[in-house]
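The values are calculated or read from the model by the stated rules, or taken from the named source; none is laboratory data. Just so it is clear, the model here is predicted, and its values are computed rather than measured. Cβ coordinates were reconstructed from backbone atoms using ideal geometry, including for glycine residues, and neighbour counts include every protein chain displayed. Just so you know, the surface numbers come from the protein's heavy atoms only, side chains and all, with ligands and any DNA or RNA stripped out. Shrake-Rupley method; radii C 1.70, N 1.55, O 1.52, S 1.80 Å.
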Amino acid sequence: MLDGLFKPRGIAVVGASANPYSIGHIVIKNLSAYGYKGPIFPINPKGGHIRSFKAFKSVLDVPDPIDLVNISVKYSLVPAVLEECGQKGIQFAIVHTAGFKEVGEEGIRREREMVELAHSHGMRIFGPNSQGIQNADPEVSVYANFTFVPMKPGNISIIAQGGGMGEMLKLHLHNVGLGHRMYCSYGNECDLSMPEILEYYGQDEGTRAIMMQTESFKDPTAFLEVASKITPHKPILAIKAGRTREGSVAVSSHTGTLVDQARMASAMYRKAGVVEFHDTHQMIKAAIAFSTQEPPRGRRIGMITNTGGPGIQAVDVSVDHGLELATWSEAGRARLAEALYAEASLGNPVDVVATANADHYHAAVETLLAEEDTDMVLVFFVTAPFTDTAAIARRIKEATEASDKPVAVVVETYSELYDLIDKLRQSDLPVYEFAEDGARALAAMADYADLRDREKEAAPELEVDRDAVQKILDGHQGREGYISQADAFEILEAYGIPVAKVRAVEGEGDLIAAAAEVGFPCVLKVDSTEVVHKSDEGGVVLGISSPDELTQAFAEMNKNFAGKDAGFVVQEQRPGAREIIIGATESPGLGHLVMFGLGGIFVEVMKDVAFALAPLSRPEARTLMRGITGFPILEGVRGELPADLEAIEEMLLRVSRLVADHPRITELDLNPVLVTPKGACAVDVRLGVG
Ligand code: ADP
Ligand code: MG
């Protein structure tokens, strides 16, 4: 329970001084300015008063109970302060002070000692190198934070790793008059963890949606567990910093993270039902909608406009984001025809025309919201000088009252009419200045609803030979790196993953016998941990149709790889087919990520791959397949028969089960898997163990 942190009965501020630019002073100023409901105790060895509060020399001198302390003294003084706080029975310490993990070895040690000390008193540390917390709940109204954005009660709670980003999220909610509920920027996360705070937000009745920003995940498993529990009843909107290699370097300069975490984060968000954003602006715009609107029941959008262009723009963005244009019933169309001007267009978007008055807007909004096949409505409104704009704004709101379908309003106006926007916002409608923003915010709401209502199943039980794989892996005990293809194919077979028939050949002696087993035409391949891209080095000969050809190819390849530690395999040649890639990589702290994409030589250029966390459930495997842009190619284009999607799904399930069962497999690459209209079969495998 984090009540002591977010609803403290009393707060001490250590490091409070008369200097108005000191962190302690600002915390006291913020606590008092926003009407903190409990007592505030500045702690200063010199005593005296800070602002209008009497300062104590030590927390031990304070007669009243204190739940929370804000500490901003230099790191070398922190242990002594914590010792006293511990003796006082304080539950939570927000450590603003820097100079810990972020400065390296020495700081890591300091951090560890600080946590040990705190725990010996049953106290928890928030931070260090953190900005603090806020709770705008009028019952507590606590601004235990040294920043500047005014606090006003709202229903979006914010959790951010970095203070700068957290503040930005808060600021833009403030700028549209929304305020926020709880806020925290947790910095180094040495003790009290992000998932613990998230869980607390999840349980808070005053929190309607959560916005989060992270740079790195300290405990991904805990996050996954907590987030999965929250999203069925409360949306979580998330952004992860450091998605590009360059961005990740910028992040790691102060927290130490990896670009692969971004992929892991996306996979984790999907598994947990979290709505991911790659753009802060869009996340905030979506949060504004979530703050007052209910998620839609489907993806069909209806639009109303009084001018053509922006409507078209919104249609484009909506379609790009997977929304569908709603169509109206006969009755709905008749109602529109009756209510609107004769020049109005009654399709989607409904164009009420520029001279439309308040009643026209009212009728259009009400009609679309009543339509069975419309899940959400976007209203565009340019404030034409020849209409009563204030009345229009009022009537739009009135028209939404009987429905719980989400509505967003886009207002195109100039600064002197901004009070219109304010009025609409005060009436609890999300208002945007660009048609695209409105469309994207509604699309994000639909995404949340889809994630919330997605099919949830456990990963299926599969018949596999776990021991056989264990035995092969044991044979590689103590050795890291790639294993032979012969072994790797055997591992795949033990998990029921279809592979091309393959035989290892030691030398020319067993060549013909091996070929007889796999049959002609066959393929000869080099099998060496030193050769990564076999065909680039002349290590793959396809379409061998006779023993003579095989002997000749073998002689050449043998010469080619003389001096390398290389063996060879003979493999059955599979008929022409579409090539896909299925892979898995270890994801530290969270098992494995399964990768799916279209294979072939362009995979590295197109980067059309999707990821999901192992082990996969059936619905997850299906979503993964559909997560690539090239999916329609598998469904069959221009008269081609569709690829065997069920076979791919089965293969994904089995690969994901294999890596989940055997964490020693650090890397697995089936490239390509050949897929025909009937069946899928791996012809190349690379398997690394750690
Ligand atoms: P590498 O990826 O190391 O160059 P592969 O074993 O993947 O080597 O072979 C290269 C390409 O040859 C594959 O992408 C595939 O197009 C083709 N190929 C390989 N083995 C077979 C096979 N058994 N049947 C049909 N085509 C094959
Ligand atoms: Mg290959």
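Accessible surface area normalised per residue over segment 161-206 is 28 Å², counting heavy atoms of protein chains with a 1.4 Å rolling probe. For segment 142-240, the equivalent ellipsoid derived from the Cα gyration tensor has semi-axes of 21, 16, 11 Å, listed largest first.
Average 1/r across all pairs of distinct alpha carbons in segment 296-438, invert it, and you get the Kirkwood radius: 14.7 Å. The coefficient of translational diffusion for segment 334-387, derived via Stokes-Einstein from the alpha carbon Kirkwood radius under 20 °C and 1.002 mPa s, stands at 186 µm²/s.
Give me the percent of accessible area attributable to carbon and sulfur for segment 608-674, probe 1.4 angstrom. Don't skip to the end; give the middle numbers.
Working: 1360 of 2580 Å².
Carbon and sulfur atoms account for 53 percent of the accessible area of segment 608-674.
DSSP beta bridges fully contained in the chain are about 50 percent antiparallel. Counting protein heavy atoms only, segment 423-546 has 45 percent of its accessible area on carbon and sulfur, 1.4 angstrom probe. The mean sequence distance of close C-alpha pairs (under 8 Å, at least 6 residues apart), as a share of the length of segment 450-577, puts its relative contact order at 28 percent.
For Cα pairs less than 8 Å apart in space and 6+ apart in sequence, what is the mean separation divided by the residue count of segment 554-638, i.e. the relative contact order in percent? Show your work: numbers first, answer last.
On the way: 77 pairs, mean separation 16.6, N = 85.
Relative CO of segment 554-638 lands at 19 percent.
For segment 1-121, the solvent-accessible area with a 1.4 angstrom probe is 46 square angstrom per residue.
Rounded to the nearest Å, what's the spacing between the alpha carbon centres of segment 116-192 and segment 292-326? Just the number, please. If you average the Cα positions of each part, the centres end up 34 Å apart.
Between segment 465-494 and segment 642-670, what is the separation of their alpha carbon centroids in Å? Rounded to whole Å, the Cα centres lie 15 Å apart.
Summed over the residues of segment 465-607 and divided among them, the accessible surface reaches 52 Å² per residue at a probe radius of 1.4 Å.
Given a Förster distance of 56 Å, report the FRET efficiency between D467 and D3 from their Cβ-Cβ distance, rounded to the nearest 0.05. With a Förster radius of 56 Å, E is 0.65. Restriction of the trypsin sites (Lys or Arg not before Pro) in segment 463-558 to DSSP coil positions whose beta-carbon has at most 11 other beta-carbons within 10 angstrom yields R479. Per-atom-type breakdown for segment 55-104 gives carbon and sulfur 56% of the accessible area (1.4 Å probe, protein chains only). The lysines whose alpha-carbon is closer than 27 Å to the alpha-carbon of K57, local same-chain residues fewer than 8 away aside, are K7, K29, K37, K46, K74, K88. Looking at the P(r) of the chain, how many percent of alpha-carbon pairs lie beyond 44 Å? The share of Cα pairs beyond 44 Å in the chain comes to 40 percent.
When only alpha carbons of segment 606-689 are considered, Rg and Dmax amount to 13.2, 43 Å.
Helix 358-370 and the longest principal axis of the Cα set of the chain meet at an angle near 40°.
For a test of the definition: using alpha carbon positions, the gyration tensor, and the 1.5 limit on a/c, classify segment 1-151 as rounded, prolate or oblate. Note, shape of segment 1-151 comes out rounded. A straight Cα-to-Cα reach below 25 Å connects K423 with the lysines K152, K170, K285, K397, K405, residues fewer than 8 places away in its own chain not being considered. When +1 charges are put on Lys and Arg Cβ atoms and -1 charges on Asp and Glu Cβ atoms, the dipole computed for segment 17-162 relative to its Cα centre reaches about 420 debye.
For the chain, what is the calculated [θ] at 222 nm in deg cm²/dmol (nearest 500), taking -39500 (n - 2.57) for each run of four or more DSSP H residues and dividing by its residue count?
Details: 24 runs with 262 residues, N = 690.
Calculated mean residue ellipticity at 222 nm is -11500 deg cm²/dmol.
Can you list the lysines whose alpha carbon is less than 21 Å from that of K559, not counting same-chain residues fewer than 8 positions off? The qualifying lysines are K525, K534.
Report the rotationally averaged projected area of segment 355-499 based on its alpha-carbon convex hull, in square nanometres.
Details: hull surface 64.7 nm².
Mean projected area for segment 355-499: 16.2 nm², to one decimal.
Taking every C-alpha pair closer than 8 Å and separated by at least 6 residues, the mean separation divided by the residue count of segment 484-528 gives a relative contact order of 41 percent. Report P(r) for segment 528-631: all Cα-Cα distances, bin width 10 Å, range 0 to the bin holding the largest distance, values in whole percent. Reading upward from the zero bin: 12, 31, 28, 21, 8, 0.
What the pair-distance distribution of segment 271-369 shows, using all Cα-Cα distances binned every 10 Å from zero, is 14, 39, 32, 12, 3 percent.
What's the extension gain from V319 to H119 if we count 0.36 nm per residue and subtract their Cα-Cα distance? Please list the in-between numbers first.
On the way: separation 200, 0.36 × 200 = 72.00 nm, distance 5.31 nm.
Value of the extension gain: 66.7 nm.
Take each peptide in 627-638, 206-217, 310-321, count the other Cβ atoms within 10 Å of every residue, and average; sorted highest first, the result is 206-217, 310-321, 627-638.
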